[in-house]
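First comes the structure, then the notes that go with it.
The values are calculated or read from the model by the stated rules, or taken from the named source; none is laboratory data. Bear in mind that the values here come from a model prediction, so they are computed numbers and not experimental data. Because the Cβ atoms are built from the backbone with ideal geometry, glycine has one as well, and the counts that use them run over all protein chains shown.
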There are 2 protein chains.
Amino acid sequence: MAASVWSVDPRTGKEREQVAVEADAAEVDRAVRAAHAVRAALADRAARARLLRTAAELLDAARDRVVEAADAETALGPVRLTGELARTTAQLRYFADIADEGAFLDVRISRPDPTTTPPTPDLRRMKIPLGVVAVYAASNFPLAFSVPGGDTASALAAGCPVVIKAHPYHPATSELCAALLRKAAAETGLPEDVVRLVHGFDAGTELIRHPLVAAAGFTGSVEGGRALFDAAAARPVPIPFHGELGSLNPVVITETAAGQRPEELAAGLAASMTQGMGQFCTKPGFVLAPAGEAGDRFVDALTEAVEKVEPGVMLAPRIRGRFLTATYEDSQAEGVTAPVHPGPAGPHTAKAGFLSLDAGTLLEGGRHVLLRETFGPVTLVARYASREEISAVLALVPGNLTATLQAADEDPDAASLIAELTPLAGRILVNGWPTGVAVADAQHHGGPYPATTSPFTSVGATAIERWLRPVTYQSTPQHLLPPELRDAGE
Amino acid sequence: MAASVWSVDPRTGKEREQVAVEADAAEVDRAVRAAHAVRAALADRAARARLLRTAAELLDAARDRVVEAADAETALGPVRLTGELARTTAQLRYFADIADEGAFLDVRISRPDPTTTPPTPDLRRMKIPLGVVAVYAASNFPLAFSVPGGDTASALAAGCPVVIKAHPYHPATSELCAALLRKAAAETGLPEDVVRLVHGFDAGTELIRHPLVAAAGFTGSVEGGRALFDAAAARPVPIPFHGELGSLNPVVITETAAGQRPEELAAGLAASMTQGMGQFCTKPGFVLAPAGEAGDRFVDALTEAVEKVEPGVMLAPRIRGRFLTATYEDSQAEGVTAPVHPGPAGPHTAKAGFLSLDAGTLLEGGRHVLLRETFGPVTLVARYASREEISAVLALVPGNLTATLQAADEDPDAASLIAELTPLAGRILVNGWPTGVAVADAQHHGGPYPATTSPFTSVGATAIERWLRPVTYQSTPQHLLPPELRDAGE
C-alpha cells in the first residue's frame, strides 16, 4: 500500500491532515506519459502566455486560501507569504511576456554564401522545447520556488510540460497550487496534464530516470541535489540537470568599511542572515571581517543586533534539528567562539546567533570544513589579520550564488577584492546584502558548483534557456519552416 | 619510462617517426597549471582576436608543411587537406571577429525598480570565461576538429586557455599545429601557455579529472566520449562536458521523390556517404526508401553509383579493421542483403558499399541494434512498405546531428515527416545531403544524445557559449564594473 503524505504543522510538530499518497513507479510513469502526450498543446507561444497569466489570476484570486495553507505548513507567516505570492504571480506574468515576445528563440539566419569553405547553404536556427521537465520543489519558498515557481513558469513558457515532485514539507500547498495551475490550463483550453504533481522520495528518483523526462530543475540540498545530478548523468541518455544546491555567500568587509560604518554593517548583516529564519539560499553564511579595533566595533554591534532578533519557528522539525546540531558542533570546534549562541528557544523554535574565529584558524589543515552552508539563522565571522589572509581564505571557499564586498568609497582594495570574488560566485554585490533575488532580465541566480550544477540561472529571463535546444533548418522551403523562421510576408 | 608516441602511415601501416612521449599525471598537471596561470592574459578580447588572426596567418603560411604532415598520417589527400586548412584558418578568423564584436557577452542591464516584489536593484550581467578548457581532438579532421580546430578557436575567443589532448592518429600534425599556435601567442605578446598539448590515452583521463580544468570539448566515439562524460560528471566538482559522440544521420526518401529522381538521389547519397571515405560525423548512415518500383529504381541507381566509387585508405589500420568487422557482421544479419558489399580492397584499402533490408525487419524484437553508426563508407537502406512504417522505424532511431528529408515539391507527407524528424536531430535538411558543415552564425552541429552530450553546437558562432558563464554585478560602482557593463561615457 502506498505511503501516506501528511501535512505537518511546524509550530507544534503535529500532523494536520493526510494530503495524498506517495507515487509509486507506475504512478510516476503515468504522470510523465500524460505530460508527454500533451506536449504539442504547448507549441503555440500565445497559448503558453495565456496559461501563465490565467494561473497568476487564479493564484491571486485564491490568495487567502494559498497563504493560509502555506503558513500552516511552513510557519513563514502571512506577511512573508503574501509577498511571496505576489512575487510568484508577477513571475508567472513575467514569463508570459517572455513567451509572447519570443526573444529566447534566439533566431539566427545565415543566407547562402558559395564563397565560404565549405559553402554556406540557407541555414535558419531557432530554439525548441526539450520535452517534459521534472521540477523538484524547494522547502524554503513554498510558492516562488515550488509548484507555481520559477522552474514551472520558465518551463511552461519554453513550451515544456512539467511533472513536479512536491516538497514533503508543504504537500497541501503543493496540491492546492497544482490544482490551480491545472485549472488555468483547462480555462485556457489546454490539457490539464501540462502540469502533473507527484509526492514521495522514491517518486523523485523514479522521475529523474524516466526515459521521457528531458531535463530537470532542482532547488535543495547538496546531498539530495548531487544524488539526482548523478542519476541524471548515469542515464542511458543523460539529461541536463539544473540544480541549485548550496551556497555560503561570502561577505568581505574591508577594514575601512568596518571603521566607517560598523553599526550599519551589523544591522544589515543581522537582518539579511536572519530573514525568513535564515532559510534563504542567499543567506550570508560567511563573513570576513578585520581583526583589530574596527572589526571589534563591528562584531560588538553585530552581537547587539543579533541578540535582539526574535526566536522563530523553522520550516520543519527536521530542519530545526539539523540547524541545532550543526551550529552546536561548529561552536565546539577549536578556536571557535559564539558571541551569540544559536540554539533552541522552546520546543519548536530556534534563535539566531553567530560564530567567530580567527581567519588563520581556517588556514590550518582540515579546518576549512567549517566553510559549508548551515541552513538557518547563523553566520560565521572570520577575523582576518591582513589582506593576504583574505586571499588565502577565499581560495578555500567553494562555489556560491553570491559574493558580497562591503567597502568604502575609493577603497584601495575594492578592485582587487572584486577580482577575487568574481570567480567564486554568480552574483557580485557591492555594499548590499544578498538576500532578496529580484526577478529581472539581468538577474543571475546560479554560480560555480555547488551553488548550481550548470552555468544557468534559475531566476530571471534567461532561466528559460534551461529548457530549450537549438535546431537548424537547412535549405528548407518556406512552407515547411516554423513560422518564426520564414521570410517576412511568407 | 613514458611510452613513445609514433606517427603511423595508414597507407602502409608502418611507423614513420617518434613524435613525442605520452604525458603522465605529473606532466598533465604541469600543463593544466601552466595554462591556468596565464588565463588573465586572455582577459582582453582584442588580444584574443589578434592571437586567432595571427594563428590563421601562421597556419596559412605553413600550408605545404601542414598539409604534407597531415596527409602522411591520415591519407586524406592534399586536395581535401588543403580545403580543410582553409576552413580551419577561416574559422580562426571567424572567431577573431566574434571576439572583437563581443555579442556573446550577452550583456543585460536591469535598472533599479522599487515597484517590483522584491525590489529590483541595479543589476548588470555579462558572460565571463570559465577557465582552462580541455580539448579532445578528433581523428577524422586533423585540422578543423583537432589542435587548431573549432573547440580551440571558440575557447580562445571566449578567453579560455586550452590544454589539448592530441589524437593518436595524427600526433606529428598536432605537434606542428600546436607549435604554430604557441608561436602565434608569442608574436601577439601573449604567453605561449595559453595553448598546451598532451599525448596519450591516460593523459586524457587525467585531464578530465584535473581540478583546474573547467570544461571540456570532445569529438569522437560514443565509447570514449561517454567514458569522459561520466568522469566529468563524477568529479567532486562536476564540469560541463561538450561531447560530439555518434550519429546515424537518417535520411527519409518519400515515394514521390524516389519516383521523380532516383538517379539524382542515388548520386547524391553515394557522394555524401563515401566523401572522405565515409569518415564524417554527418555521413548519412541510414536511409528509409520506399519498397516497390520507385524504390527499386533508386536502389539500382545507388548500386551503380557506389560500385563506381574508388577504394581508399582509411584514417588508421584500426579504423579500417573496425569498419570491415562491423560491415561484415551487419551483412550477415538475418534479412540483410548487400547490394554492394563493403570490404577490403588490398592490404590497406577498403571499398564502399551499402546494405539493405525491409524496414519491417527493424521492427522485430532486438533488430534495431542495426541502427548504430558505422564509421566508414557504408549506409543501411531500409525499404518501407507504408507511411506508418516510417514512423515506427523513426521511433527507434537514437539522437542525431542531422536528419534529412528527400521529398517532392508539394509532397503530401513532407510537413508531417519534418515534424517527426525534428525531435531526432539538431539540423534538419530538405533535399540536401548532410556532409559539409558550414561555419556560420545559424549553424547547429549538435543534437539529442548520443549526437552530443549537451544542447550546444561545436560549429558556428554559438559554439563559444560552451566556455562561458554569466555573472551579475549588483549595485556596483561604475569604476569597479567591467568596462562592458559601464554606462556610456564612464
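Restricting attention to the stretch B:47-66, and to residues there that are surrounded by 21 or more Cβ atoms within 10 Å (Cβ to Cβ) and within 14 Å of chain A (Cβ to nearest Cβ), which single residue is nearest to B:G376 (Cα to Cα)?
Among those residues, the one meeting the criterion is B:L59.
Tell me yes or no: at least one residue of the stretch A:458-475 is in a strand (DSSP E or B), in the same structural domain as A:V287 (by TED's automatic domain parsing) and out of contact with any Leu (no Cβ under 8 Å at 6 or more places or on another chain).
Of all residues in the stretch A:458-475, those in a strand (DSSP E or B) come to A:468-474.
Next, only the ones that are in the same structural domain as A:V287 (by TED's automatic domain parsing) stay: none.
There is no residue in the stretch A:458-475 that is in a strand (DSSP E or B), in the same structural domain as A:V287 (by TED's automatic domain parsing) and out of contact with any Leu (no Cβ under 8 Å at 6 or more places or on another chain).
Quick one: B:A440 ticks every box in (1) within 16 Å of the chain's Cα centre (by Cα); (2) more than 7 Å from chain A (Cβ to nearest Cβ); (3) not polar (S, T, N, Q) except a single one, so which number is it?
(2)
Suppose the filter is of a type in the set (A, V, I, L, M, F, W, C) and either under 22 Å from A:N140 (Cβ atoms) or buried (at least 17 other Cβ atoms within 10 Å of the Cβ) (or both); does A:A333 pass it? If you could, list the steps in order and put the result at the bottom.
Numbers: of a type in the set (A, V, I, L, M, F, W, C): yes; either under 22 Å from A:N140 (Cβ atoms) or buried (at least 17 other Cβ atoms within 10 Å of the Cβ) (or both): no.
Spelling it out, it is not the case that A:A333 is of a type in the set (A, V, I, L, M, F, W, C) and either under 22 Å from A:N140 (Cβ atoms) or buried (at least 17 other Cβ atoms within 10 Å of the Cβ) (or both).
Of the residues that sit in the stretch A:419-436 and are at the interface with chain B (Cβ under 8 Å from one of its Cβ atoms) and closer than 21 Å to A:E264 by Cα, which one is surrounded by the fewest Cβ atoms within 10 Å (Cβ to Cβ)?
Ranking the candidates gives A:G436 first.
Scan the stretch A:68-83 residue by residue and report those that are of a type in the set (A, V, I, L, M) and within 14 Å of chain B (Cβ to nearest Cβ). Break it down into steps so the answer makes sense when it comes.
Step one: list which residues in the stretch A:68-83 are of a type in the set (A, V, I, L, M), which gives A:69-70, A:72, A:75-76, A:79, A:81.
A:V79, A:L81 - these are the residues of the stretch A:68-83 that are of a type in the set (A, V, I, L, M) and within 14 Å of chain B (Cβ to nearest Cβ).
Residues of the stretch B:449-469 being crowded, with 24+ Cβ neighbours inside 10 Å, touching a helix residue (DSSP H, G or I) at 6+ places or on another chain (Cβ under 8 Å) and either modelled with pLDDT under 95 or at the interface with chain A (Cβ under 9 Å from one of its Cβ atoms) (or both), which ones?
The answer is B:P450, B:T453, B:T457, B:A461.
Could you please give the count of residues in the stretch A:108-120 that are more than 17 Å from B:V459 (Cβ to Cβ) and within 7 Å of chain B (Cβ to nearest Cβ)?
Of the residues in the stretch A:108-120, 0 are more than 17 Å from B:V459 (Cβ to Cβ) and within 7 Å of chain B (Cβ to nearest Cβ).
Does A:A172 satisfy the criteria of being surrounded by fewer than 19 Cβ atoms within 10 Å (Cβ to Cβ) and part of a helix (DSSP H, G or I)? So that I can check it myself, show each step before the final result.
Values: surrounded by fewer than 19 Cβ atoms within 10 Å (Cβ to Cβ): no; part of a helix (DSSP H, G or I): yes.
Here the answer is no, as A:A172 does not meet what is asked.
Here are some residues: A:T152, A:T117. Which one is in contact with a Gly (Cβ under 9 Å, 6 or more places away or on another chain), modelled with pLDDT under 95 and among the hydroxyl-bearing types (S, T, Y)? Don't jump to the end; show me each part of the working.
On the way: A:T152 fails: modelled with pLDDT under 95.
Only one candidate passes the filter, namely A:T117.
Can you say whether A:I390 is at pLDDT 95 or above, part of a helix (DSSP H, G or I) and within 10 Å of chain B (Cβ to nearest Cβ), as far as the supplied structure shows? Lay out the reasoning, then the answer.
Details: at pLDDT 95 or above: yes; part of a helix (DSSP H, G or I): yes; within 10 Å of chain B (Cβ to nearest Cβ): no.
When the stated conditions are applied, A:I390 does not pass them.
Against the conditions (1) within 13 Å of chain B (Cβ to nearest Cβ); (2) touching a Pro at 6+ places or on another chain (Cβ under 7 Å), where does A:P377 fall short? Just the number, please.
Against the list (1) within 13 Å of chain B (Cβ to nearest Cβ); (2) touching a Pro at 6+ places or on another chain (Cβ under 7 Å), A:P377 comes up short only on (1).
Within the stretch B:186-197, can you find the residues that are outside any loop (DSSP other than H, G, I, E, B) and farther than 11 Å from B:A34 by Cβ? Working first, answer last.
At the first step, the residues of the stretch B:186-197 found to be outside any loop (DSSP other than H, G, I, E, B) are B:186-187, B:192-197.
Those that are outside any loop (DSSP other than H, G, I, E, B) and farther than 11 Å from B:A34 by Cβ: B:A186, B:E187, B:L197.
Of (1) closer than 30 Å to B:A403 by Cβ; (2) away from chain A (no Cβ under 13 Å); (3) in a helix (DSSP H, G or I), B:T205 satisfies all except one. Which?
The failed condition is (1).
Being within 14 Å of chain A (Cβ to nearest Cβ), touching a strand residue (DSSP E or B) at 6+ places or on another chain (Cβ under 7 Å) and in contact (Cβ under 8 Å) with a residue 40 or more places away in the chain is true for just one of B:L123, B:L92, B:L156, B:L143. Which residue is that?
Values: B:L92 fails: touching a strand residue (DSSP E or B) at 6+ places or on another chain (Cβ under 7 Å); B:L156 fails: within 14 Å of chain A (Cβ to nearest Cβ); B:L143 fails: touching a strand residue (DSSP E or B) at 6+ places or on another chain (Cβ under 7 Å).
After ruling out the rest, the residue left standing is B:L123.
Within the stretch B:97-106, is even one residue in contact with a strand residue (DSSP E or B) (Cβ under 7 Å, 6 or more places away or on another chain) and among the small types (G, A, S)?
No, the stretch B:97-106 has no match at all.
Condition check ((1) under 26 Å from A:L396 (Cβ atoms); (2) more than 25 Å from the chain's Cα centre (by Cα); (3) at pLDDT 95 or above) across all residues:
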residue: A:G278; (1), (2), (3): yes, no, yes
residue: A:L288; (1), (2), (3): yes, no, yes
residue: A:E304; (1), (2), (3): no, yes, yes
residue: A:E310; (1), (2), (3): no, yes, yes
residue: A:R320; (1), (2), (3): no, no, yes
residue: A:G335; (1), (2), (3): yes, yes, no
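Look at the stretch A:359-375 and say how many of its residues are in contact (Cβ under 8 Å) with a residue 60 or more places away in the chain and surrounded by fewer than 17 Cβ atoms within 10 Å (Cβ to Cβ). First the steps, then the outcome.
As a first pass, look at the stretch A:359-375 and keep what is in contact (Cβ under 8 Å) with a residue 60 or more places away in the chain: A:359, A:371-375.
So of that shortlist, the ones also surrounded by fewer than 17 Cβ atoms within 10 Å (Cβ to Cβ) come out as A:372.
The qualifying residues number 1.
Being within 24 Å of the chain's Cα centre (by Cα) and either under 29 Å from B:T349 (Cβ atoms) or assigned by TED's automatic domain parsing to the domain that holds B:V163 (or both) is true for just one of B:E22, B:E57. Which residue is that?
Values: B:E22 fails: within 24 Å of the chain's Cα centre (by Cα).
Answer to the check: B:E57.
What about A:L212, is it touching a Lys or Arg at 6+ places or on another chain (Cβ under 8 Å), surrounded by fewer than 21 Cβ atoms within 10 Å (Cβ to Cβ) and not small (G, A, S)?
yes
Restricting attention to the stretch B:10-21, which residues are surrounded by fewer than 17 Cβ atoms within 10 Å (Cβ to Cβ) and in contact with an Asp or Glu (Cβ under 9 Å, 6 or more places away or on another chain)?
Those that are surrounded by fewer than 17 Cβ atoms within 10 Å (Cβ to Cβ) and in contact with an Asp or Glu (Cβ under 9 Å, 6 or more places away or on another chain): B:E15, B:R16, B:V21.
What is the number of the single condition among (1) in contact (Cβ under 8 Å) with a residue 40 or more places away in the chain; (2) within 14 Å of another protein chain (Cβ to nearest Cβ) that A:A395 does not meet?
Exception for A:A395: condition (1).
Here is a yes/no grid of residues against (1) touching a Pro at 6+ places or on another chain (Cβ under 7 Å); (2) closer than 18 Å to B:V309 by Cα:
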position	(1), (2)
B:R320	no, yes
B:D330	no, no
B:A338	no, yes
B:A352	yes, yes
B:L362	no, no
B:G365	no, no
B:R372	no, no
B:Y384	yes, no
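Check A:F298 against each of (1) of a type outside the set (A, V, I, L, M); (2) surrounded by fewer than 24 Cβ atoms within 10 Å (Cβ to Cβ); (3) assigned to a helix (DSSP H, G or I) and name the one condition it does not meet.
(2)
When the stretch A:91-126 is examined, which residues are found to be surrounded by fewer than 16 Cβ atoms within 10 Å (Cβ to Cβ) and either closer than 30 Å to A:Q275 by Cβ or not assigned by TED's automatic domain parsing to the domain that holds A:T476 (or both)?
Matches in the stretch A:91-126: A:D97 only.
Would you point out which residue out of B:Q406, B:Q474 is away from chain A (no Cβ under 11 Å), touching a residue at least 40 places away in the same chain (Cβ under 8 Å) and surrounded by 22 or more Cβ atoms within 10 Å (Cβ to Cβ)? Give the derivation first.
Values: B:Q474 fails: away from chain A (no Cβ under 11 Å).
One residue alone meets the criteria, B:Q406.
Of the residues A:A86, A:A134, A:A138, which is outside any strand (DSSP E or B) and more than 9 Å from chain B (Cβ to nearest Cβ)?
The match here is A:A138.
List the helices (runs of 4 or more DSSP H) inside the stretch B:219-289, counting only whole elements, that have at least 2 residues being in contact with a Lys or Arg (Cβ under 9 Å, 6 or more places away or on another chain) and surrounded by 24 or more Cβ atoms within 10 Å (Cβ to Cβ).
B:262-274
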